[in-house]
Amino acid sequence: MSNIIINEGTQTALSANQNGTVHIPFTKLDAGIGSARLDWNGTVPFVGNLNTGTITRLGGGSVVVTGGTVNTGTIFAKTIGTEIAPTNEFVGSATLTGTATGTLRAAVTGSQIFVTTLIVSVESAGRVSVASGTPTIPLNGTMTFAANGGIAAMPINPPLRTVSGSALVFNQSGTGVIGIWASGFIE
């Protein structure tokens, strides 16, 4: 590193910070696009092409993809408590007759099961609840259906969630066939 010598006089003034006996010039960054000029204020207002590198932290705001293709890597989309990642998705379904209790997704030690989609179809009038393991804790209260009734709830946001380490179960009190399907993720 070497110093730049400037003869004082009528020349153009340069801004510098003195450190000991050395004056260190300031460099002004421009964050504009193309021929536009925008002084650097600590944020990047627009990135037209992030060709290489890694974003390690997004302190605020959001990332919006309006088109194009995500070619590689893993994307976690978090919005009001939802997360979707192929490595932790689940789908569970059951078809039973009469008063029944069934498991839609077995417990995962230390993890919660999040339900983002729920479809229930009943043949006869009855009550159905989706619950968190044993002891059974209803996640959405008890749903009452007329004969040949049902519900398709998607997306559920925020998702229904089990107690950590509990299975996702359902209960039906009725005489006919119940079909139930749930999907979501485990975290």
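Every number in this text was worked out from the coordinates using simple rules, so none of it is lab data. Just so we're clear, the structure is a prediction, and the values are computed from it rather than from any experiment. FYI the Cβ positions are ideal-geometry reconstructions off the backbone, even for glycines, and counts take in every protein chain you see.
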Review point. Contour minus end-to-end for residue 144 and residue 19, with contour as 0.36 nm per residue of separation and end-to-end as the Cα-Cα distance?
Key: 37.3 nm
Point to revise | Cβ-defined net charge surrounding residue 131, 14 Å radius [Lys, Arg +1; Asp, Glu -1] | key: +3
Exercise for review: Rank-order 90-100, 174-184 by packing density, defined as the average count of other C-beta atoms within 10 Å over each peptide's residues, highest first.
Suggested key: 174-184, 90-100
Review point. Which value in nm describes the separation of the simple spin-label points at residue 125 and residue 181, placed 7 Å from the Cα toward the beta carbon?
Key: 2.8
Practice item. Mind checking the full-extension length gain between residue 27 and residue 103? Use 0.36 nm per residue of separation minus the Cα-Cα distance, one decimal, nm. Key: 21.0 nm
